[in-house]
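Single-structure report; data block below.
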Amino acid sequence: MTTVPEASVAGGPPPAVDTGRPGPFGLTASRSAHVLRSLWRARIAFVFTFGMPLAWLILVGIVAGNEVIDPVTDLRVMQFATPTALAMGCLFATLPSIAIGVALDRESLVLKRLRGTPLPSWVYVAAQVVAVALLAAASVAVVLAVAILAYGVTVPGDAVLPLVVTIVVALLSFSAIGIAVASLASSARSTEAITIGAVVVLSFISGVFIIGGELPEWLEQVAWALPLKPFVVSLQELFNPYDDLPWNLGHLALIAAWGVGGAIVAALAFRWEPRAGRRAAARAAAGEGRAAAGAAAGRSGGTSAAAILDRVESGQPTALTRTLGQVGAAVRSTLRRPGDLFFAVAVPLGLVWLLVTLQGGGERDGIPLITSTAAAMCAWGVAVVAFMNTAEWLARSAEQGILKRWRGTPLSTGEIGVGRAVAAVVVAWVIAAAMLLLGAAAFELRTTATGILLSAGVVVLGVAALAACGVLLATAVPDARASGAVALLLLFVIAFFSDVFVVGGPDWMRTVGAFFPLTHLRQGLLEAWRPDGPFIAWAAIGILVAWAAGAMIATWILERSRGASWTAAGRRPKTPRDAA
């Protein structure tokens, strides 16, 4: 017998039916958890969100020290450095992460598929914001815990609420700007270059990466018109126990205005599908292997001079043409990645101008400041090309199975390696030439023709050592999405120990830095570019050669211990522990 509900008999509304579908908040929570899992798998967001702020905080603590400023209150130096690290974590967690995530979802057609589901568009956007905001909040908590426990930093009681409000407003603002950039950018690759480049430039002109010194007045005004500078200064005021006005409504209004502007742009320009479909992305991906495929059109039939001549006359590729094809493919791949060019070329050139301008010229240890700074920044650019880009390219090629497919062609491992190394040397020479031209044109840098030739040789050795280290890193960290970020973080830390970004600090820092190749590449360039005549830094050259040989041997040992080869498979076989 079926019982009819009384409300139905009486003509009232039918009872609510539980469809089992989550409501808007449930959808947002579920989607946010999915985004967080994606960020965790990518690893790169965690490297920038946690690794960079913590590394900067610790390095500043080493360089600047943590002396007591006020014995009565036990106020220490790191009380004023901690807010900068917090701002760095908030910026890196939100703007590039959300922009790159949205751009990748659009380019991989995830947004197109989501549009055909019951998921509301506002839930997708809210979930992206919630996920990166949680990531930023975790970064703030970790950095603040380290600052309190390791450096005795305190948060004034009346600053807690303003601190929370300021951080929330900044997170929403940076997220809105990130979505706006993703909406306007043409591809995920350009989004990555724009956002990472923007946060680096913002950090420098806003004083995040500057320890001491003052920017030019016009650059200060530009920084105050952008959202990061007011955010950093607001946090510094909140951590300052002598400041009686914890609320800075003017700064908050400016940060919020940028967020509103970003939200408006995002709402007007947001796209669910790529502008030109996936054909352009497919052509770009195929272009990286086009030269290799062309060079591998047929197998070599012998190594004698006659056989080589026959292959040349018949149009078949030789070892030389295959290697040259790899050089061309590597150079084209670099030119297609604006992010690589930004870190390798634009950042060092911009830093030379910025650092020399801040310090006002002069000399250091009897050498013009422009010469020492140009050598340091050139070493950084070469390290990006040879170390970071090599690690990221090798891990990505192995992960996508490109190296496995190459194994079935006439291309040998040596031809691939030599081609990539020669391309790296060419780009490194361009960086060195641009550095010398900028120094000569803007700061009267003077060197000799012999010194320029000597520095070209030093660059070759530096590329060899750093590229070998990049191969070793890719072997140890085969995740393509993480290897580049780990390499950049390592370079950032090592640069502080190698007198690249900061000169001075404790003597033990220089002692540690002397073990790394970046120090000796900088020293070799510095001695070659001396205005009074070049000097061959034999010790630096010997250490670079030792690093090249040692890294290659370590890579071979690691490969042998794992029983796998980069060219034998696309992904490295998982161990039972990995599978579990």
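Taking a ≥ b ≥ c as the square roots of the Cα gyration tensor eigenvalues, with a/c under 1.5 meaning rounded and otherwise prolate when a/b beats b/c, else oblate, which class fits region 110-205?
prolate
Could you line up ILE370, ILE62, ILE100 from fewest to most neighbouring Cβ atoms inside 10 Å?
ILE62, ILE100, ILE370
How far is the Cα center of region 83-133 from the Cα center of region 365-394, in Å?
Their Cα centres are 33 Å away from one another.
Which of the listed residues, VAL132, SER203, HIS251, is farthest toward the dipole's positive end in region 24-277, when Lys, Arg count +1 and Asp, Glu count -1 at the beta-carbon?
After comparing all options, I get VAL132.
What distance in nm lies between label points placed 7 Å from Cα along the C-beta direction at PHE80 and TRP218?
Taking the simple label geometry, PHE80 and TRP218 are separated by 2.9 nm.
Testing the spin-label approximation: label points 7 Å from Cα along Cα→Cβ at VAL110 and PHE25. State their distance in nm.
Taking the simple label geometry, VAL110 and PHE25 are separated by 2.6 nm.
At q = 0.12, 0.14 Å⁻¹, work out log10 I(q)/I(0) for region 408-530 with the Debye formula, treating every Cα as an identical point scatterer and leaving solvent out; two decimals please.
At q = 0.12, 0.14 Å⁻¹ the computed log10 ratios are -0.56, -0.75.
Taking a temperature of 37 °C and a viscosity of 0.692 mPa s, what whole-number D in µm²/s does Stokes-Einstein yield for region 338-457 with Rh from Kirkwood over alpha carbon pairs?
205
Using a 7 Å offset from the Cα along the Cα-to-Cβ direction at both THR154 and VAL201, what is the distance between the two label points in nm, to one decimal?
Modelled inter-label distance: 4.2 nm.
Can you tell me the FRET efficiency between VAL426 and TRP508 if r is taken as the Cβ-Cβ distance and R0 is 41 Å, rounded to the nearest 0.05?
0.65
Determine the relative contact order of region 428-511: mean sequence separation of Cα pairs under 8 Å and six or more apart, normalised by residue count, in whole percent.
The value is 16 percent.
Counting only the backbone N, which residues of region 188-202 are under 20 Å from the spot 7 Å out from the Cα of SER121 toward its beta-carbon?
Counting backbone N atoms under 20 Å from the label point, the list is 188.
Counting other Cβ atoms within 10 Å of each Cβ, which chymotrypsin sites (Phe, Trp or Tyr not before Pro) in region 159-267 have at most 15 and sit in a DSSP loop?
Here the chymotrypsin sites (Phe, Trp or Tyr not before Pro) that fit, given the DSSP loop and packing criteria, are TYR242.
Show me, bin by bin at 10 Å from 0, the whole-percent P(r) of region 24-277 based on Cα pairs.
Using 10 Å bins, I get a P(r) of 7, 30, 34, 19, 7, 1, 0 for region 24-277.
Whole number please: convex hull volume per residue, Cα atoms of region 318-569, in Å³.
Given the Cα convex hull of region 318-569, per-residue volume reads 125 Å³.
If neighbour count is taken as other Cβ atoms inside 10 Å, put GLU107, GLU363, GLU415 in order from fewest to most.
The fewest-first ordering by Cβ neighbours comes to GLU363, GLU107, GLU415.
What ranking of THR511, THR84 emerges when the number of other C-beta atoms within 10 Å of each C-beta is taken as an exposure proxy, fewest first?
THR511, THR84
Kindly state, to the nearest 0.05, the FRET efficiency for SER186 paired with ARG37, given R0 = 25 Å and r defined as their beta-carbon distance.
0.35
No value in this document is a laboratory result; all are computed from the given coordinates. All of these numbers come straight from a predicted model, not from anything done at the bench. Here Cβ is always computed from backbone atoms with ideal geometry, including for glycine, and neighbour counts include all displayed protein chains.
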